[in-house]
Amino acid sequence: MSAIPLCLPDNMTPEQFLNDYWQKKPLLIKQGLPQLIGMFEPEDMLGLALEEEASARLLTQAATKPVDEPQWQLKKSPLSETDFDNLPAQWTVLVQNLEQWSPELGQLWQAFDYIPQWQRDDIMVSYAPKGGSVGKHYDDYDVFLAQGYGSRRWQLGKYCDKNTEFVADEPIRLFDDMGDIIFDEILEAGDVLYVPPKLSHFGVAQDDCLTFSFGCRRPNLMQIIDSLADIATNDSDLFIPLLLPQALQASGALQSESISAIKEQLLHMLQSERGDDIIRQAVSEVVSKRQYDALVPEETLTTDELMQAITEGATLQADYSNRLLYHKHAGELILYANGQRLDGLDTIAKQTLQRLADGEALQADDVADIDPDDLMEWLENGWVWLDYAE
Ligand code: SIN
Ligand code: CO
């Protein structure tokens, strides 16, 4: 399985983390991700922020709040070099979805294998010189804040809710009052801080600093309802008008009894086997969707080159900037990639994709029975990447 050790304190099991901390309490994991040390320099990330296809934001903070103007300025990508001219002392540049630029970094998600792939959002980096921050705020999602370069002081305060008010007229969500500070530590490269949703946090760069946010996600009901509606469009039975009992009523009235009867039939359908099928498909499609568009690869291999690389020891691994997942229903293995069910795969292909989805690095022997053209298609679709490392 994964060669990367789980990011947890030495004496903690994944079960303990999930029961006691996940979505409840923060946790400092000293040297939880030492692989990050030396992986990137600030210049690498500044260069990335300037890429045309990068999803980046440049945030600057005036030393004091000007009258009638926001203190913070936000510029979204595409960013150019001139955006970095004449910056104030405090600024931060953020780049999202780093997995698509660096599959090696993406592989570090395996350190969080106790969180299923479908609940992972993306890896974001923040670069800031000394004093830079993105302000005091909270997020709606769980995040593992991993220090990659330099050091950052993190303070954690109160738990917020939807009534927590943000400073008005600023381009980002931030507030002044974090309540009682419950954590105040400097994270060095390799350290990781888990922050649950709604917990206020404030991180200030102590020197030139790179922080990698391994951010999680969860679907909302609107996404599920939307997907249910799409799937239902293909089900002709659902187009048959409902049969409804009719009581005598004023001709202009729509009685609540009629609405209740329709609701009952809707819930009945959702609770039936057909409903199970539709809901299963809707959830799978939603949670396997990619949040960012895929990059078009600059260079492509031929099938022969791919097979030769595998024969020479390169491994195939799931590419975590894509979403490859499976579920098992009634003895059948059903795979989804990037929001779509994968139909027409034979058993061996399904089992191989399952192993990839579970994070295995596959070698020549593991894929000997797969048609090379299929492997090539998986690579071209971005579901897998080829790791040439020995
Ligand atoms: C940062 O890296 O500065 C911000 C990350 C976060 O607050 O979620
Ligand atoms: Co945050």
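One line per residue, one yes/no per condition, for (1) within 22 Å of the chain's Cα centre (by Cα); (2) at pLDDT below 95:
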site	(1), (2)
Arg153	no, no
Glu170	no, yes
Gln223	yes, no
Gln246	no, yes
Leu254	no, yes
Is there any pair with a first residue in region 244-270 that is on the phi < 0 side of the Ramachandran plot and a second that is open to solvent by 80 Å² or more (accessible area, probe 1.4 Å) and in a helix (DSSP H, G or I) whose Cβ atoms are under 7 Å apart and which are 6 or more apart or on different chains, and what are they? Ala247/Glu257
What residue, among those in region 161-216 that are in contact with a Gly (Cβ under 6 Å, 6 or more places away or on another chain) and within 13 Å of ligand 2 (Cβ to nearest atom), is farthest from Pro66 (Cα to Cα)? Phe212
Can you tell me which residues in region 97-118 are of a type in the set (Asp, Glu), touching a Gly at 6+ places or on another chain (Cβ under 8 Å) and not in a loop (DSSP other than H, G, I, E, B)? Glu99
Return yes when Thr64 is of a type in the set (Val, Ile, Thr) and more than 20 Å from Leu145 (Cα to Cα) and no when it is not. yes
Number of the exception - Leu228 against (1) open to solvent by 40 Å² or more (accessible area, probe 1.4 Å); (2) under 27 Å from Glu285 (Cβ atoms): (1)
Look through Leu105, Leu98, Leu74 and report the one residue that is open to solvent by 10 Å² or more (accessible area, probe 1.4 Å) and in contact with a strand residue (DSSP E or B) (Cβ under 7 Å, 6 or more places away or on another chain). Leu74
All but one of (1) charged (D, E, K, R); (2) within 30 Å of Leu228 (Cβ to Cβ); (3) assigned to a loop (DSSP other than H, G, I, E, B); (4) open to solvent by less than 60 Å² (accessible area, probe 1.4 Å) hold for Asp293, so report the exception by its number. (4)
Where residues in region 171-184 are under 30 Å from Pro5 (Cα atoms) and away from ligand 1 (no atom under 15 Å from the Cβ), which of them is surrounded by the fewest Cβ atoms within 10 Å (Cβ to Cβ)? Asp184
Within the bounds of region 299-317, is there any residue that is assigned to a loop (DSSP other than H, G, I, E, B), more than 25 Å from Asp371 (Cβ to Cβ) and open to solvent by 20 Å² or more (accessible area, probe 1.4 Å)? no
State yes or no: is Leu46 within 19 Å of the chain's Cα centre (by Cα), in a helix (DSSP H, G or I) and either modelled with pLDDT of 95 or more or more than 21 Å from Arg217 (Cα to Cα) (or both)? no
All positions within region 146-162 that are open to solvent by 40 Å² or more (accessible area, probe 1.4 Å) and not in a strand (DSSP E or B): Asp161, Lys162
Residues that are part of a loop (DSSP other than H, G, I, E, B) and either more than 19 Å from the chain's Cα centre (by Cα) or at negative phi (or both), drawn from region 16-35: Tyr21, Trp22, Lys24, Lys25, Pro26, Lys30, Gln31, Gly32, Leu33
Which one of the conditions (1) in contact (Cβ under 8 Å) with a residue 40 or more places away in the chain; (2) more than 27 Å from Glu104 (Cα to Cα); (3) not polar (S, T, N, Q) does Pro66 fail to meet, given that it meets all the rest? (1)
Do we find that Val143 is within 22 Å of the chain's Cα centre (by Cα) and open to solvent by 10 Å² or more (accessible area, probe 1.4 Å) in this structure? yes
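The values are calculated or read from the model by the stated rules, or taken from the named source; none is laboratory data. Remember, it's a predicted structure, so these values are computed and weren't measured experimentally. FYI the Cβ positions are ideal-geometry reconstructions off the backbone, even for glycines, and counts take in every protein chain you see. With ligands, DNA and RNA removed, areas are computed over all heavy atoms of the protein, side chains included. Shrake-Rupley method; radii C 1.70, N 1.55, O 1.52, S 1.80 Å.
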